[in-house]
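I have placed the structure first, in the form of structure tokens, so that the comments after it can refer back to it.
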Amino acid sequence: MPVRQRRTLPRVLGALLLLAAAGISCVGAAPTAHSAAEPAPRPLGRIVPAPASVAPGGQPYTITASTRIRVDERSRESRAVAAYLAGILRPSTGHPLRVVDEDDAHGGIRLRLSNAEKSLGDEGYRLQSGRGGITLTAHRPAGLFRGVQTLRQQLPAAVEKKTVQPGPWQVAGGTITDTPRYAYRGAMLDVSRHFFTVDQVKRYIDQLALYKVNKLHLHLSDDQGWRIAIDSWPRLATYGGSTQVGGGPGGYYTKDDYREIVRYAASRYQEVVPEIDLPGHTNAALASYAELNCDGVAPPLYTGTSVGFSSLCVPKPVTYDFVDDVIRELAALTPGKYLHIGGDEAHSTAHEDYVAFMEKVQPIVAKYGKTVVGWHQLTGATPAEGALAQYWGLDRTSAAEKEQVAAAARNGTGLILSPADRVYLDMKYTKDTKLGLAWAGYVEVQRSYDWNPAAYLPGAPAEAVKGVEAPLWTETVSQNAHIDQMAFPRLPGVAELGWSPAATHDWEAYKVRLAAQGPRFEALGIDYYRSPQVPWPAAE
């Protein structure tokens, strides 16, 4: 439970009740300083994810027509973040919010990079707000970008709208100093079961950015579809990508499409982690090229949802020519550190073949300058040095399987935690949820939030946990509204598990902060699930 500052609160003041439940200190200014026509600013720190440190005090800053966004003229990155911030604020405020060199103005909103602020790390920031202006300080540009997300959430939800709103646009006075708990904070989008366009992926990237997610894991191949063009094996995309679950038209990304996704994600300080699932989940590839099958016969394309029936032919040399070509081309398109090779549900691959396959494939990933990520079944082989194993088991997974993963962690394999009965966003909330599956159980909002990554896997050292990721598989998800319903409101809670200090973890406080996100979801056009576990504000 978080340590809370104890003070007597007038229970008649609803806003302060919300603040107390959120576990955040009160703003120094007296509530009577604001008239009914000018509501008090959102209490400092009542955001998601919860900040590491909040010190409220002093008068709020009000964004007006004269506000400027000030940046160091020598920093191209700062100017890009400033332009992004201005692009969010201008439509709703109606203010010009010019981006200027910091020497050309005083006050306003200042974005500042400082080599001296090493304690903030790569993604931390400090937000200082007062009557005279707002200063966002970071050691690296990613920190400025994360700080901008905090600034957005400190403003009224209407700031997200694309038409002029009445305001006022106030940020409470005080200081937030914030750094992430984990360096890896991911979300996965399965574009193989159902294909999603570049614009749909960009939309999801923008949603992830608001909650400080920094890894976008794209599941690019599966039995139902191959979604990335590979020049040396063109039928993978043109034929293997021609369908999807239920028999729709499918689709695939050209190399330029993929580069655009990578570029856009980078502009939001997200790293794309591409996944080619191997040696199982490969029917789309097997259907595209007969020689990849042990019997030399290509199976038909597949549009169902069963798993575990397909496998590359481990003994054939052509299999490794294929894997080398795919990884080489994909690695050349991907500037990030990681390349995910799947490895789950290879039920049609004998264990000894699985081990032999991973022994041959992991060095190929290293040859092209990437670090291996695999689903936790990779620990049944020998994970490469530096590899990450992504755990997707359940609370009820056998002790033996958990120990296999924990033993690998004790031997140096890093862990990404994605327990399916906690953070798989494709699981139904309840038995009455229209979309989703239920093989892992029902996952309501509290269940997705109320667990501790550092202590989740018995026998695994806390320092082996590198982060968390919320996968969204798409057997039943085929459009933006479906993504919205399944990801929100669970995704922000997973993001908080990845970002916020363990000491802030408290469901009773979190659900109140999450409830305050409801109007923001609506302003952003996010068609979220109104979980009865969350005290959402009444619709206006």
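Taking a ≥ b ≥ c as the square roots of the eigenvalues of the alpha-carbon gyration tensor, the range 260-310 is classed prolate because a/c is 1.5 or more and a/b outweighs b/c.
Placing +1 on the Cβ of every Lys and Arg and -1 on the Cβ of every Asp and Glu, with no other charges, gives the chain a dipole of roughly 2300 debye about its Cα centre. Think of a 1.4 Å ball rolled over the protein heavy atoms: the chain then has 38 Å² of accessible area per residue. When a 1.4 Å probe is rolled over the protein heavy atoms, the share of accessible surface on the range 289-341 that falls to carbon and sulfur comes to 58 percent. Please name whichever of Tyr338, Ala266, Ser288 sits farthest to the positive end of the charge dipole of the range 249-354, dipole taken about the Cα centre and charges placed at Cβ: Lys and Arg +1, Asp and Glu -1. Result: Ala266. The order of Thr150, Thr476 by accessible area, most exposed first and with a 1.4 Å probe, is Thr476, Thr150. Using the beta-carbon distance between Glu385 and Tyr84 and R0 = 45 Å, what value does 1/(1 + (r/R0)^6) give for FRET efficiency, to the nearest 0.05? The formula returns an efficiency of 0.75 here.
In order along the range 453-462, phi translates into HN-Hα couplings of x, 5, 10, 6, 9, x, x, 8, x, 4 Hz, rounded to whole numbers, per the Karplus curve 6.51 cos²θ - 1.76 cosθ + 1.60 with θ = phi - 60° and x for Gly and Pro.
Residues whose amide H lies under 5 Å from that of His217, counting only those 5 or more places away or on a different chain, are Ala187, Met188, Leu189, Val273; hydrogens are built 1.01 Å from N in the peptide plane.
Computed from the coordinates I sent, Rg and Dmax of the Cα atoms in Å equals one of [x] 26.2, 91; [y] 23.4, 68; [z] 24.0, 79. Tell me the label. Recomputing Rg and Dmax of the Cα atoms in Å here gives the entry labelled [z].
Report note on the peptides 524-530, 58-64: ranked by the mean count of other C-beta atoms within 10 Å, highest first, their order is 58-64, 524-530.
For the range 243-310, the relative contact order comes to 36 percent (Cα pairs under 8 Å, sequence separation of at least 6). Which angle between 0 and 90 degrees, to the nearest 10, do you get for helix 141-154 versus the longest principal axis of the chain when only C-alpha atoms count? For helix 141-154, the angle is close to 60 degrees. Taking the longest Cα principal axis of the chain as reference, the axis of helix 399-410 is set at about 70 degrees.
For the chain, the longest principal axis of the C-alpha atoms and the axis of helix 198-210 are separated by about 50°.
Local charge for Gln224 was computed over the other residues whose Cβ lies under 12 Å away, with Lys and Arg +1 and Asp and Glu -1, and equals -3.
Compared with the direct C-alpha span, the chain from Gln446 to Glu352 gains 29.8 nm at full extension, assuming 0.36 nm per residue. Computed from phi, the 3J(HN,Hα) profile of the range 62-76 under the Karplus parametrisation 6.51, -1.76, 1.60 (θ = phi - 60°) reads 10, 6, 10, 4, 8, 5, 10, 9, 9, 9, 6, 4, 7, 10, 4 Hz, with x in place of Gly and Pro.
Peptide packing: for 398-404, 345-351, 204-210, the average count of neighbouring Cβ atoms within 10 Å per residue gives the ranking 204-210, 345-351, 398-404, highest mean first.
To the nearest 10, the accessible area of Arg396 is 150 Å² with a 1.4 Å probe.
Ligands, DNA and RNA left out, the 1.4 Å accessible surface of the range 125-202 is 51% carbon and sulfur atoms. Each peptide among 478-487, 422-431 gets the average number of other Cβ atoms lying within 10 Å of its residues, and from highest to lowest they stand as 422-431, 478-487.
How much mean residue ellipticity at 222 nm does the chain get from its helices, if each DSSP H run of length 4 or more adds -39500 (n - 2.57) and you divide by all residues, to the nearest 500 deg cm²/dmol? Calculated at 222 nm, the ellipticity per residue is -9000 deg cm²/dmol.
Site pair Lys367 and Lys118 shows an inter-label distance of 4.0 nm when each label is modelled 7 Å from Cα along Cα→Cβ. Per-residue 3J(HN,Hα) values for the range 414-423, derived from phi via the Karplus relation 6.51 cos²θ - 1.76 cosθ + 1.60 with θ = phi - 60°, read x, 10, 10, 9, 9, x, 5, 8, 10, 10 Hz in sequence order (x marks Gly and Pro).
The values are calculated or read from the model by the stated rules, or taken from the named source; none is laboratory data. Since we're looking at a predicted model, the values are computed, not measured. Note: ideal-geometry Cβ built from the backbone for every residue, glycine included; neighbour counts use all protein chains shown. These area figures cover heavy atoms from the full protein model, side chains too; ligands, DNA and RNA do not enter into them. Shrake-Rupley method; radii C 1.70, N 1.55, O 1.52, S 1.80 Å.
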